[in-house]
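Input: a single structure, listed below in structure tokens.
The values are calculated or read from the model by the stated rules, or taken from the named source; none is laboratory data. What you see is a predicted model, and the numbers here were worked out from it, not measured in a lab. When we count neighbours, we look across all protein chains shown, and the Cβ atoms used for this are built from the backbone with ideal geometry, even at glycine.
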Amino acid sequence: MKPLIALNMNQEAQVYSLRHSYRDAVVAAGGIPVFLPPLADLDDVDAVLEGVDGVVLTGGGDIDPARFGQKPHGSLTTVLQPKHDSDFRLAARALEFRLPTLGICYGMQLLTVLRGGDLIQDIPSMIPGACDHYGSPEKDSEHPVTLEEGSLIHRIVGKTRLSINSHHHQGAGKTGSLKVTARSEDGVVEAVEPREQGDGWVLGVQWHPERMPGRVDMIAIYGALVAAAARYREGSGFDVTILK
């Protein structure tokens, strides 16, 4: 059986949704997507995670700054508390279960906060001279990033420099127990992973590889997650090496 990959859904008023590109990326990588609406009961979260082999923490809105001990910046968008709390429960338990976990954009920020870090609440107003990390509501921006040689993301894509898409106004500040493995030219954190290999297969990227399906290096990120999920399913441990 193909690995089952859980993906948290977005919430808008009375609708739960997820972009097709997430589904397409997981399927193209050889996994089966399992879409999760917000779950209030921790036992329900555990029941789901016991049945899957990996997790994608998808993109979303802003994170409540109370989570990292700050007051709200004026740019903070509405935080939908039930989804917000559910996402933190899901991510925390996924890490405790040592499930292979990929954090995308908001998902990377969520991992950062969970691991004791904090966020830059508004890049445009808080980082002088920052490049365009948001674009527009209709179109992502694009800019280069530099990857740390030998890091997990470097081994996946096989490059130390990438051109990536970007659609966020918040970013990782201090990264807690995670190490920074990619930055944009203005110093903004673009990828994180555990400092110790024994922490399992965990990767956070600030961009959206699923929105670039025509690029082999972007497809490889989901491929690496599904490969790690397959090893998890087979009970072969938490080896972070990349299956080519």
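Looking at this structure, is Lys71 of a type in the set (D, E, K, R), farther than 27 Å from Ala227 by Cβ and in contact with a helix residue (DSSP H, G or I) (Cβ under 8 Å, 6 or more places away or on another chain)? Spelling it out, Lys71 is indeed of a type in the set (D, E, K, R), farther than 27 Å from Ala227 by Cβ and in contact with a helix residue (DSSP H, G or I) (Cβ under 8 Å, 6 or more places away or on another chain).
Check whether at least one residue in segment 126-141 is over 15 Å from the mean Cα position of the chain (by Cα), farther than 24 Å from Ala6 by Cβ, of a type in the set (Asp, Glu) and modelled with pLDDT of 95 or more, and report yes or no. Quick ask: steps written out before the conclusion?
Step one: list which residues in segment 126-141 are over 15 Å from the mean Cα position of the chain (by Cα), which gives 126-141.
Filter again for farther than 24 Å from Ala6 by Cβ, leaving 126-141.
Okay, now just the ones that are also of a type in the set (Asp, Glu), so 132, 138, 140.
Subsequent filtering for residues that are modelled with pLDDT of 95 or more retains 140.
Yes.
Would you check if there is a residue in segment 106-114 being among the small types (Gly, Ala, Ser), at pLDDT 95 or above and part of a loop (DSSP other than H, G, I, E, B)? Walk me through how you get there before you give the answer.
Going through segment 106-114, the residues among the small types (Gly, Ala, Ser) turn out to be 107.
If we keep only those that are at pLDDT 95 or above too, we end up with 107.
Next, only the ones that are part of a loop (DSSP other than H, G, I, E, B) stay: none.
Among the residues of segment 106-114, not one is among the small types (Gly, Ala, Ser), at pLDDT 95 or above and part of a loop (DSSP other than H, G, I, E, B), which makes the answer no.
Restricting the search to helices (runs of 4 or more DSSP H) fully inside segment 1-105 and requiring at least 2 residues that are modelled with pLDDT under 95 gives 81-96.
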